[in-house]
Amino acid sequence: MFKSPISAPLLPWAQKYPDQAHAIARTWDDLSLVQGWSDLKVVDCEESSCVAFKGKQKGKDFESVVLPSPLSTPTNLQKLASVFEATSADLIYIGIVEKDSSVVYYVLKKGIVSPSEVPE
């Protein structure tokens, strides 16, 4: 059972996807409180049994997508493809959360791209 503090709006998602619960809570907190994202909302990616977040990065006027993921949980291309489909995104950030609650973000882009095409 998930025992870490979590805000009330996220609780149903943590209960629906308990393997992702810690990552949901910590990534949401990091995006909203530390990174300064606004208009955050949860996107249910039922086909891949997870949630993603959509919101606006500080200083940007377009939505970005983040997939919260525990470091200990493996993923695969099928799951990532369904997240791209559920969020209608061409680029997502995967927020990998360690047991100590640190979050590291990696950029994933749909298809094959050269390093020069990946935004910083």
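Using per-residue counts of other Cβ atoms within 10 Å, averaged over each peptide, order 32-38, 62-68 from highest down.
Going by the mean number of other Cβ atoms within 10 Å, highest first, we get 62-68, 32-38.
Take 92-105, 11-24, 70-83 and order them by the average number of nearby Cβ atoms within 10 Å per residue, most first; the result is 11-24, 92-105, 70-83. For the range 108-115, backbone phi angles converted through the Karplus equation (6.51, -1.76, 1.60; θ = phi - 60°) give residue-by-residue couplings of 10, 10, 5, x, 9, 9, 7, x Hz, Gly and Pro being listed as x. Extension gain, E85-F62: 0.36 nm per intervening residue step, less the Cα-Cα distance, totals 6.5 nm.
Using a probe of 1.4 angstrom and keeping all protein chains present, the accessible surface of the chain works out to 61 square angstrom per residue.
Counting only protein heavy atoms and a 1.4 Å probe, tell me what percentage of the chain's accessible area is made up of carbon and sulfur. Working shown, then result.
On the way: 3970 of 7270 Å².
Solvent-exposed carbon and sulfur of the chain make up 55 percent of the total.
The computed Kirkwood radius over Cα pairs in Å for the structure shown corresponds, within (1) 14.5; (2) 16.5; (3) 16.0, to (1). Relative contact order of the chain, taken over Cα pairs closer than 8 Å and 6 or more residues apart, is 20 percent. Dipole check for the range 22-76: with +1 at the C-beta of Lys and Arg, -1 at the C-beta of Asp and Glu, and the Cα centre as origin, the magnitude is about 220 Debye.
The values are calculated or read from the model by the stated rules, or taken from the named source; none is laboratory data. For clarity, every value in this text was computed on a predicted model and none was experimentally measured. No Cβ is skipped: glycine too gets one built from the backbone with ideal geometry, and neighbour counts run over all protein chains shown. Quick note on the areas: whole protein, heavy atoms, side chains included, nothing else; ligands and nucleic acids left out. Shrake-Rupley method; radii C 1.70, N 1.55, O 1.52, S 1.80 Å.
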